[in-house]
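Below: the structure, in structure tokens.
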Amino acid sequence: MTDPQSKTEIRLQGIGVSPGIASGPVELLKSSLEEPEHISVPRIEVKTEKERLSKAIVSTRQQIISMQQVLDSDTNSDEINIFDAHLLLLEDSSVLEEVVRLVENDLKSVDWAYYKVIKRYVDSLRKISDPYLRERAVDIEDVAQRVLKNLRWPDGDAQGLALKGDTAIVLAHDLTPSDTVSFDRSKVLGFATEAGTPTSHTAIMARSLNIPAVVALHKFPENCYPGDDVLIDGYHGLVILNPTAETRKEYEALVEQEAGVLSDLRELKDAGTHTIDGRKIVLSANIEFKKELQDVKDEGAEGVGLYRTEYFYINEKELRGEEKQTGIYTAVAQAVAPHGAIIRTLDIGGDKLCPDLFENPEPNPFLGWRGIRSSLDRVDEFKDQLRAILRASAHGKVGLMYPFISSLEEIRSANAILEECKEELRGKGIAFSEDIEVGAMIEIPSAVLVADHLAKEVDFFSIGTNDLIQYTTAVDRVNDRVADLYRPTHPAVIKLLKETVEAAHRNDIWCGVCGEAASDPIMAPIWVGLEVDELSVGAAQVLRMRRAISRLDTEECKQLLESVYNCGLASEVHDICEEKARAAYPELLL
Ligand code: PEP
Ligand code: MG
């Protein structure tokens, strides 16, 4: 901890990715294995050391199992089981025997012995060119970090994070989605990372867990220590180290204001979503894990507008077959009834790499074998997923959509395979909805430019702004060095949005938006002016967006769009939208 005399307030500007304000002591999360103190133990202590190891392994096992349950509270089903591989690594007998040998023969502390053995495995895996084996190094480190924490704090809470105090703000270089999902929400008040971007999956997760978060801070100051006071302002992307009394007071007022806004918004939970002039927009939610379905209901979302199916596929090989997938999709459809669920076929590739499908690393994964491309090349697996989605449609309102569409050929090929699946099910007398809606994600500029053709082959479009912005402006969505160039209000993006919605409506199909920009209150005047039919947002953003839409008028927003179309600068578009948003719902833009 710093000397209280030397504490001056330091403000760090990053990007706010999950709204809210939180303050507490700093917890620095190391991203790699930390070497414990090199301690020798007297022979008489060997037995105790071995017992400590057994206890740490048992605690780690329990923590991994309870994390699985966080991901899926439905413990009766054998679904979502992300950490099975970690359990196997944890109990690997060759590792444990080697550690015990070092303790017994060389009289080393079990912490140091465990670290040394694991480090050797990790280092040798890192040298191997096979990406699957290299990935395993990350898993081993992840498990080992937990074991080391449990050795160090045997009676403490090493679940996800070994917090020394009761609550903390986590500062880390970067976090994985699994780090984020393992946070104990009552202890981790907020987090900030040096890396990361608003559309990275950790940011998406922070929003769905409702944890204030700031990313892309590039570098924390050297003199930032565990236990220092820190305040996170997720609205403005600010991290304030050692806030002064004056800053605290300013933020206390903001927190009070925010609490009032959130309690007002609860009134909208069971309301529909309409503009001032009565135009309905469906406000649905994006999910990655089944456990988010409770939030979908609690936050009053009108169903699921995007179910990202690649997460269970990457993490749980045993769930890949048609039967298991049918069970998952049916459960999702039933949970959101009477609303519907749109299930997206696999969008593997880009930053969502599936080690067993990528034998050799691709030079440009975001331009590579991603989404529908990989599905069309793996027809048997694609058909398993399509049949599973079709079968779920017999039990609830289910739609399906294809990701990463760049051409008419892809839609036609995918639809031809879908027809084969329908025929197979009919042949076997297996029920499915003949009216199932089929959509295309519009997230690549070439798809926008042939949107009139695509619209004739599908029932709806869902605009994936996360990728549309990336591919239009050549800005990697997960690279924090170029994060400030990633602008949803770039005039080129606005033109493509306009083209897409107009093409959909010209061809009598509906058009939604499911990228992160759908949940941005500053973008709401654009969505209303474009007359989109659906917005699918993180569950925690549903009520804010319902409020924003309810304060906007379609004709006024159309006029606003006319001035937006004349802008050459992203900042001009942003300012026009912000001005409108501030006038209509200032409380949402604290
Ligand atoms: C998008 O690209 O906007 C989208 C919703 O899909 P993902 O973030 O999964 O690529
Ligand atoms: Mg996408």
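Against the numbered list (1) closer than 18 Å to residue 493 by Cβ; (2) surrounded by fewer than 21 Cβ atoms within 10 Å (Cβ to Cβ); (3) in contact (Cβ under 8 Å) with a residue 12 or more places away in the chain, residue 589 comes up short only at (1). Between 436, 405, the distinction of being within 16 Å of ligand 1 (Cβ to nearest atom) and either β-branched (Val, Ile, Thr) or without any contact (Cβ under 8 Å) to a residue 60 or more places away in the chain (or both) belongs to 405 only.
Would you pick out the residues in the stretch 571-581 that are under 21 Å from residue 531 (Cα atoms) and surrounded by 14 or more Cβ atoms within 10 Å (Cβ to Cβ)?
As a first pass, look at the stretch 571-581 and keep what is under 21 Å from residue 531 (Cα atoms): 573-581.
Correct list: 573, 574, 575, 576, 577, 578, 580, 581.
Is at least one residue of the stretch 534-545 among the hydrophobic types (A, V, I, L, M, F, W, C) and over 26 Å from residue 291 (Cα atoms)? No: the stretch 534-545 contains no residue that is among the hydrophobic types (A, V, I, L, M, F, W, C) and over 26 Å from residue 291 (Cα atoms). Among the conditions (1) surrounded by 22 or more Cβ atoms within 10 Å (Cβ to Cβ); (2) part of a helix (DSSP H, G or I); (3) more than 15 Å from ligand 1 (Cβ to nearest atom), the only one that residue 552 does not satisfy is (2). When we screen 130, 139, 174, 155 for residues that are assigned by TED's automatic domain parsing to the domain that holds residue 47, at pLDDT below 85 and touching a Gly at 6+ places or on another chain (Cβ under 7 Å), the only hit is 174. Checking every residue in the stretch 496-503 against the condition of being β-branched (Val, Ile, Thr) and under 25 Å from residue 368 (Cβ atoms) gives at least one match. Candidates are the residues of the stretch 492-507 that are surrounded by fewer than 17 Cβ atoms within 10 Å (Cβ to Cβ) and closer than 20 Å to residue 520 by Cα; the one that is nearest to ligand 2 (Cβ to nearest atom) is 492. Return yes when residue 467 is within 16 Å of ligand 2 (Cβ to nearest atom), in the same structural domain as residue 404 (by TED's automatic domain parsing), more than 20 Å from residue 558 (Cβ to Cβ) and not polar (S, T, N, Q) and no when it is not. Considered against the rule, which asks whether it is within 16 Å of ligand 2 (Cβ to nearest atom), in the same structural domain as residue 404 (by TED's automatic domain parsing), more than 20 Å from residue 558 (Cβ to Cβ) and not polar (S, T, N, Q), residue 467 comes out as yes.
For residue 370, the criteria (1) more than 16 Å from ligand 2 (Cβ to nearest atom); (2) under 24 Å from the mean Cα position of the chain (by Cα); (3) part of a loop (DSSP other than H, G, I, E, B) hold in every case but one, which is (1). Residue 306 falls short on exactly one of the conditions (1) more than 16 Å from ligand 2 (Cβ to nearest atom); (2) among the aliphatic types (A, V, I, L, M); (3) at pLDDT 95 or above; (4) under 16 Å from residue 341 (Cα atoms), and that condition is (1). Taking the conditions (1) touching a residue at least 60 places away in the same chain (Cβ under 8 Å); (2) in contact with an Asp or Glu (Cβ under 8 Å, 6 or more places away or on another chain); (3) surrounded by fewer than 20 Cβ atoms within 10 Å (Cβ to Cβ) in turn, residue 328 satisfies each one other than (3).
Looking only at the stretch 440-460, which residues are farther than 13 Å from residue 199 by Cβ and under 22 Å from the mean Cα position of the chain (by Cα)? It would help to see each step written out before you state the result.
Residues of the stretch 440-460 that are farther than 13 Å from residue 199 by Cβ, as a first pass: 440-442, 444-460.
440, 441, 442, 444, listed by residue number.
Evaluated against (1) out of contact with any helix residue (DSSP H, G or I) (no Cβ under 7 Å at 6 or more places or on another chain); (2) not in a helix (DSSP H, G or I), residue 300 falls short on exactly one condition, (1). When residue 236 is tested against (1) farther than 22 Å from residue 578 by Cβ; (2) in the same structural domain as residue 18 (by TED's automatic domain parsing); (3) within 25 Å of the chain's Cα centre (by Cα); (4) of a type outside the set (Val, Ile, Thr), exactly one condition is not met: (1). Within the option set 384, 380, being without any contact (Cβ under 8 Å) to a residue 40 or more places away in the chain, over 23 Å from residue 470 (Cα atoms) and assigned by TED's automatic domain parsing to the domain that holds residue 417 holds for one residue only, 380. For the stretch 522-541, the set of residues classified as more than 16 Å from ligand 1 (Cβ to nearest atom), crowded, with 24+ Cβ neighbours inside 10 Å and either under 21 Å from residue 198 (Cα atoms) or under 21 Å from the mean Cα position of the chain (by Cα) (or both) consists of 524, 525, listed by residue number.
Name every residue in the stretch 443-462 that is without any contact (Cβ under 8 Å) to a residue 60 or more places away in the chain, within 15 Å of ligand 1 (Cβ to nearest atom) and closer than 21 Å to residue 389 by Cα, in order of residue number. Residue satisfying the conditions is 461 alone.
The values are calculated or read from the model by the stated rules, or taken from the named source; none is laboratory data. Note that the coordinates shown come from a computational prediction; the quantities given were computed from them, not determined experimentally. Don't worry about glycine lacking a Cβ; one is built from the backbone with ideal geometry, like all the others, and counts go over all protein chains shown.
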